[in-house]
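J.: What follows is a single structure, and I will ask about it in a moment.
The values are calculated or read from the model by the stated rules, or taken from the named source; none is laboratory data. In this text, all values refer to a predicted model and were calculated from it rather than measured experimentally. Positions of Cβ are generated from backbone atoms using ideal geometry, with glycine treated the same way; all protein chains shown enter the neighbour counts. Each accessible area value is taken on the protein alone, full model and side chains, heavy atoms only, with ligands, DNA and RNA left out. Shrake-Rupley method; radii C 1.70, N 1.55, O 1.52, S 1.80 Å.
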Amino acid sequence: MTLTAIALTALHAALSAVVTAHVLLRKREVGSAIGWIGLAWLSPFLGSAIYALFGVNRVRRRARTLGRPESARDEAPHPVAAGVSLAAVLDRSGHRLTRRAAAPGNAIRLLRNGDEGYPRMLAAIEAATTRIGLSSYIFRDDAAGAPFIEALIGAHRRGVDVRVVIDGIGGGYFLSPAYRRLRRAGVPAARFMHAPLPWDMPFLNLRSHKKILVVDDRIGFTGGLNIGAENLVLGDPADPVRDTHVELQGPVVRQLAAAFDADWCFASRGEPWRFDAPAGPGPGGATARVITSGPDRDIEKIEATMLQAVTCARQSVLVMTPYFLPDDRLVSALALAALRGVGVDLVVPERSNHRPVDWAMRAHVAPLLQAGCRIWLNPPPFDHSKLMVVDGEWSLVGSANWDMRSLRLNFELDVEIYDRATAAAITARIGAGRGARLTSEALARRPLPARLRDAAMRLALPYI
């Protein structure tokens, strides 16, 4: 290679690197950013020239040089005037979206971590008389999982119809000790979309992320809690994971059972459960509905529910999620809610168990901060809770994270709850997670390498 060729190659690489850095820091639309970067590297000199002519927003830069001050932001929200009730609007859209009626008369109990959740779940299993359905993304055979395995085996031996679904990746790809122990004991168990050979496993993204336990169609549990010793926070595990689960009693449990049964039939190709007895009156005052979502006929139903709730909010939107990488529709809805005077507060981990997600999140939230949304960093240990409250009267709790993997690629289950007492309990839970506030100024002070790293990771938004 001649010196001229070497020099031209080096110049091309330098120009392409400059274009890449500019794109990462300036372009929000992922497809556009990837296209410009590809053009710069694959079309030597011409690609960089085209970007310089057509890809740089000089109008925005010129407007900033004119010295126009930004309008002052008022941190205090201005509630929108009331019209039709929030519950009426969300109930109507929820029924049309899910084809499930909101079930009244439910008792709701919030459970904190495995320390509160596991004992009540095990007690329900040990008291079962007719049937048990359990589905979990992670199900370990450890200090937390072993008691569940023993309780399920015991229920099976006393004649209870027990069925267990464990995800084919989350439950351990090559080895799933919990699944093996259950099967050896004769307990009907299935692995969700699992193939023993890696080259026969094309569904790495399409996971069952649901957490379901239903007992005798009478009591149910769901939320974010997997089954693993890391959730026994009081036991001081090496990498503790905090979480939130809900215990449900009442008619909505039958919807939870039906959702589990659909997954069981799919994963095991087994016979469905029969629901012969009509639902009786419930023991509580909360109205609730199960919402399932997945890359099938239920696609984006949980995301649509979130969008509708944010759009209808008049006073406040509170969100707590371990991973925050929603698509532009949800980002725009939250920003618009803040702009119209709704108080929008988002609580995310200061440091999650997936650092690339944290990096991408910091490159993703600028429009929310500019619109006046407040983002709070939840200090360690890592909190895996997925919670949402709107206007102090409507809540959403379940397995779905606020990211595109959960909302489009995974099979998820949430429960929407119409009950002010439950909303108050979840509001307190979200409020307790607030630590330092994330600001635009703090993000701008990050070193250039960190900002480039974060923006580069954001390009993988649909997949991480």
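J.: Restricting to the range 344-367, what's the tally of residues that are surrounded by 20 or more Cβ atoms within 10 Å (Cβ to Cβ) and more than 15 Å from D454 (Cβ to Cβ)?
T.: Qualifying residue count for the region: 5.
J.: Look through the range 441-456, keep the residues that are part of a helix (DSSP H, G or I), open to solvent by 50 Å² or more (accessible area, probe 1.4 Å) and not basic (K, R), and return whichever of them is nearest to M361 (Cα to Cα).
T.: A444
J.: From the residues in the range 28-49 that are open to solvent by 50 Å² or more (accessible area, probe 1.4 Å) and outside any helix (DSSP H, G or I), which one is modelled with the highest pLDDT?
T.: P44
J.: Could you tell me whether A21 is modelled with pLDDT of 80 or more, touching a helix residue (DSSP H, G or I) at 6+ places or on another chain (Cβ under 9 Å) and of a type outside the set (D, E, K, R)?
T.: No, not satisfied.
J.: Could you list, in sequence order, all residues of the range 390-402 that are open to solvent by less than 20 Å² (accessible area, probe 1.4 Å) and outside any strand (DSSP E or B)?
T.: Hits for the range 390-402 are D391, S399, A400, N401.
J.: Could you tell me which residue of the range 298-311 is farthest from A338 (Cα to Cα), considering only residues that are at pLDDT 95 or above and open to solvent by less than 30 Å² (accessible area, probe 1.4 Å)?
T.: The extreme case among them is I302.
J.: Additional query: Have a look at R218, R191, R184, R207 and point out the one that is closer than 21 Å to I169 by Cα and free of Cβ contacts under 8 Å to residues at least 60 places away in the same chain.
T.: Step by step, each of R218, R191, R184, R207 is checked, and only R184 is closer than 21 Å to I169 by Cα and free of Cβ contacts under 8 Å to residues at least 60 places away in the same chain.
J.: Next question. When the residues of the range 229-248 are filtered to those that are within 22 Å of W264 (Cα to Cα) and over 19 Å from the mean Cα position of the chain (by Cα), which remaining residue is surrounded by the fewest Cβ atoms within 10 Å (Cβ to Cβ)?
T.: Restricting to residues being within 22 Å of W264 (Cα to Cα) and over 19 Å from the mean Cα position of the chain (by Cα), the top hit is E247.
J.: Report, by residue number, each residue of the range 294-321 that is within 13 Å of A400 (Cβ to Cβ) and of a type in the set (K, R).
T.: K301
J.: With (1) open to solvent by 30 Å² or more (accessible area, probe 1.4 Å); (2) closer than 20 Å to G235 by Cα; (3) in contact with a strand residue (DSSP E or B) (Cβ under 6 Å, 6 or more places away or on another chain); (4) not small (G, A, S) as the list, and D142 as the residue in question, which single condition is left unmet?
T.: Condition not satisfied by D142: (3).
Residues are listed down the side, and each one gets a yes or a no for (1) assigned to a strand (DSSP E or B); (2) touching a residue at least 40 places away in the same chain (Cβ under 8 Å); (3) open to solvent by 10 Å² or more (accessible area, probe 1.4 Å):
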residue: L377; (1), (2), (3): yes, yes, yes
residue: P380; (1), (2), (3): no, no, yes
residue: S385; (1), (2), (3): no, yes, no
residue: M388; (1), (2), (3): yes, yes, no
residue: L413; (1), (2), (3): yes, yes, no
residue: E416; (1), (2), (3): yes, yes, no
residue: A424; (1), (2), (3): no, no, yes
residue: R429; (1), (2), (3): no, yes, yes
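J.: Another question, then. Name the residue that is surrounded by the fewest Cβ atoms within 10 Å (Cβ to Cβ), counting only residues in the range 272-297 that are at pLDDT below 85 and within 28 Å of the chain's Cα centre (by Cα).
T.: Here the residue is R297.
Okay, residues lined up against (1) touching a strand residue (DSSP E or B) at 6+ places or on another chain (Cβ under 8 Å); (2) outside any loop (DSSP other than H, G, I, E, B); (3) surrounded by fewer than 19 Cβ atoms within 10 Å (Cβ to Cβ):
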residue	(1), (2), (3)
A107	yes, yes, yes
P119	no, yes, yes
T129	no, no, yes
G159	no, no, yes
V164	yes, yes, no
F174	no, no, yes
R183	yes, yes, yes
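J.: Can you name the condition, by its number, that R408 falls short on among (1) touching an Asp or Glu at 6+ places or on another chain (Cβ under 9 Å); (2) open to solvent by less than 30 Å² (accessible area, probe 1.4 Å)?
T.: R408 satisfies every listed condition except (2).
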